[in-house]
Amino acid sequence: MTTGIPVHSIRLKIMLVVLITTFFSLLIAGTAMMLNDWRQYRGFVATELATLANVVNRASAPALAFNDKKEAAENLALLEAAPAVKAAAIYTAKGELFASYAKRDGEEHIIPRLPGVEGLHEEGGRLSLYQRMVDNEEILGTLFIESSSDASHRLLASLGILLAVMVLSLLVAFLLSNRLQRSVTGPVLSVTEVARRVVDGRDFTLRAQKTSSDEIGFLVEAFNDMLAEIGKRAVALEASNQALAQEVSDRNAAQRALQVSERRNRVLVSASAAVTWLADEHGAWRSEHPQWEAYTGQSSQAYMGLGWRNAFHVDDRETMDLAWAQALAEGQAFEIEVRLWHQATRECRFVTLRAVASIDDNGKAMEWIGSISDIHDRRTAEEMARTLNRELEQRVTQRTAQLEEANRELESFSYSVSHDLRSPVRAVTGFSKILAQDASSTLSAEGLRLLGIIQSEAARMGALIDDLLTFSRLGRKAIQPTVLDMHGLAESTFSTLAAQHQGPVAELLLGTLPEVEGDRSLIAQVWSNLLSNALKFSAKRERPLIEIGSISEDDDYVFFVRDNGAGFDPRYKAKLFGVFQRLHDASDFAGTGVGLALVHRIITRHGGRVWADSVLDQGATFYFTLPKEFDHGRN
């Protein structure tokens with residue numbers, strides 16, 4: 001779990017750095033100034049003291065020379081005007097005290113009994129000067145002057161000023177740094193906040209806002225680029241982890257499946273009727289095979305090495321040796337059918353011997369794994385089936401010949417009957433017309449009506465006979481294939497039928513039709529029958545419409561004739577193409593019921609198909625197909 005980052009830590013650090021730097025800078029500068037002031041002040045005091053000593057020395061030298069102590073004391077008393085001088089004394093050349101002076105300021109001032117070493121001395125906050133009194137290069141004595149340096153007071157005063165300046169400077173530095181450091185720490189804190197949110201939420205789409213073009217701005221850009229790169233790598237890593245997890249899952253599943261498969265294979269080997277075996281690279285058996293012992297009755301001593309060969313039929317061993325030799329030389333699997341001794345039935349049974357080599361990295365066979373499957377019963381059954389098939393083919397050939405002969409006899413009979421019926425029907429039609437012409441005046445209205453029925457039914461009978469003859473001749477007529485212009489053939493057929501049609505002229509929508517190969521007269525009959533039906537069933541429409549088109553499929557052309565006529569009930573479309581099958585009453589639409597049967601037979605002989613779709617009173621569409629490549633063997 002992540003912990004919150006203190007947002008003011010860098011501000012505090014920067015402020016502490018500024019204040020500490022300011023403090024030590026002021027401290028060093030103040031200390032240096034104090035030391036310099038103290039040095040200058042000490043030099044000033046020493047100079048002033050030496051000047052006083054020179055004056056006193058010049059004034060008191062005669063008194064010392066003439067042994068005038070009074071004048072010497074008066075000269076020393078003049079030092080009362082110098083506030084810093086606390087005591088003074090004049091010593092003779094022999095070191096005896098000649099005259100002295102002590103400031104009356106309430107303090108005790110000790111005058112040395114003997115003069116010290118010439119020069120300036122400092123002790124206990126006081127400066128002592130010993131100067132030789134010389135006259136004409138003759139040492140008369142020694143002058144002693146003691147002065148308070150006031151260095152400690154001056155040092156304390158300077159220290160107080162320094163402290164005040166440092167406090168004021170630190171305060172100003174604090175206020176300025178607190179104001180100015182925002183421009184430095186603001187972007188850094190923004191980056192810190194974004195980093196915290198990224199760490200907490202793992203959202204690498206967050207970006208810090210760049211507010212300057214300096215090093216901080218460069219840092220923000222680098223941080224944003226780093227987030228983008230981390231985001232890409234996080235996505236890639238996540239995808240890689242998922243792929244790895246899936247791979248691990250698949251591998252675990254594969255291992256489980258392999259374990260299940262191994263167990264299943266062991267069970268299958270145990271339960272299989274096939275005999276499995278294992279041989280070395282030379283085909284010799286080195287391990288025991290209980291299934292082989294159970295099947296052949298050979299003991300392990302008998303089949304070890306190459307002894308297993310002895311269980312095969314003596315006539316098949318040469319074939320087996322050749323297959324083995326080739327397999328050993330090439331390292332390839334082989335399968336042959338041979339006869340093997342079966343102990344239970346005491347006979348040699350046909351088996352399939354299979355062998356597969358286990359290949360090492362060098363492409364050489366390490367060992368051979370094989371199986372022996374008993375196919376004796378299957379071969380027996382196959383032989384029986386082949387015998388039955390031969391007998392069945394003979395019977396089918398005989399029955400086909402008988403059926404073809406019966407069909408020829410039936411077609412001949414139908415043709416003969418139809419041909420023989422035409423004469424009586426023509427006679428009935430002719431005599432009824434004569435009767436109507438000669439005896440119309442003597443016949444009653446009912447008689448004339450019945451005579452009209454006879455004439456119409458005789459005409460209908462004649463049409464049925466003609467259609468039946470056409471249907472019979474179609475079975476005997478050989479197909480004479482030629483390239484057909486389906487567009488021109490359909491257009492000419494429609495023009496001929498439309499000219500003969502009584503009723504409103506139908507509008508024709510003729511699409512592009514491809515050329516096909518077929519019998520011209522038979523395909524013309526198909527167009528004639530389909531278009532005459534379309535004209536007949538759409539004649540009662542106010543605006544009859546017939547459409548002809550085609551569709552190209554992989555191996556066939558699909559042609560269709562669509563009309564907006566009476567249509568038919570789709571439940572009975574299976575009856576459309578049967579002989580004498582009608583779905584409409586003859587009083588509504590004339591016809592014999594043979595036209596669509598002729599279409600079906602013609603298209604079937606050409607290797608095509610016929611079907612229709614319709615909704616009652618909404619028109620019908622008839623389809624037929626013709627192959628793109630005509631099968632001449634069909635004729």
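The values are calculated or read from the model by the stated rules, or taken from the named source; none is laboratory data. None of these values were measured; they are calculated from a predicted model. In this analysis, Cβ positions are derived from the backbone assuming ideal geometry, glycine residues included, and neighbour counts consider all displayed protein chains. What goes into the accessible areas is simple: the full protein's heavy atoms, side chains included, and nothing from ligands, DNA or RNA. Shrake-Rupley method; radii C 1.70, N 1.55, O 1.52, S 1.80 Å.
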Handout entry: GLU221 versus ALA445: modelled label distance in nm, points set 7 Å from Cα along the beta carbon direction
Key = 11.4
Problem - All Cα pairs of the stretch 275-327, percent lying beyond 14 Å - result: 53
Problem - Accessible heavy-atom area order of ARG426, ARG104, highest first, probe of 1.4 Å - result: ARG104, ARG426
Handout entry: Net lengthening on full extension, ALA234/LEU616 (0.36 nm per residue, minus Cα-Cα)
Key = 130.8 nm
Handout entry: Candidate aspartates and glutamates - alpha carbon under 15 Å from LYS94, same-chain residues fewer than 8 apart omitted
Key = GLU118, GLU138
Exercise for the section: Give, in nm to one decimal, the length gained when the segment between ARG196 and ASN178 is fully stretched (0.36 nm per residue of separation minus the Cα-Cα distance). Expected result: 4.1 nm
Fill in the blank from the handout: In nm, the gap between the two label points placed 7 Å beyond Cα toward Cβ at LYS94 and GLN343 is 15.7
Exercise for the section: Rank these by accessible area, largest first, 1.4 Å probe: SER495, SER532. Expected result: SER495, SER532
Completion exercise
Once both label points are put 7 Å beyond Cα along the C-beta direction, the THR47-GLU71 separation in nm becomes 3.2
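So which of LYS540/LYS575; LYS70/LYS103; LYS433/LYS540 end up more than 21 Å apart, counting from Cα to Cα?
Values: LYS540/LYS575 24 Å; LYS70/LYS103 18 Å; LYS433/LYS540 31 Å.
Pairs exceeding 21 Å: LYS540/LYS575; LYS433/LYS540.
Go through 328-335, 605-612, 558-565 and give me the packing order, highest mean Cβ count within 10 Å leading.
Values: 328-335: 13.5, 605-612: 18.2, 558-565: 21.6.
Top to bottom by mean Cβ count within 10 Å: 558-565, 605-612, 328-335.
Suppose accessible area is computed on protein heavy atoms with a 1.4 Å probe; arrange THR352, THR387 from highest to lowest. Let's see the in-between values first.
Working: THR352 5, THR387 50 Å².
Putting THR352, THR387 in descending order of accessible area: THR387, THR352.
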Problem - Long-range HN-HN contacts of LEU306 with modeled amide H, under 5 Å - result: TRP285
Problem - For MET34, solvent-accessible area (1.4 Å; no DNA, RNA or ligand), Å² - result: 30
Exercise for the section: Compute the length gained on full extension between VAL117 and SER358: take 0.36 nm times their separation in residues and subtract their Cα-Cα distance, giving the result in nm to one decimal. Expected result: 74.9 nm
Completion exercise
So the compactness index of the stretch 1-119, its C-alpha Rg divided by 2.2 N^0.38 Å, takes the value 2.07
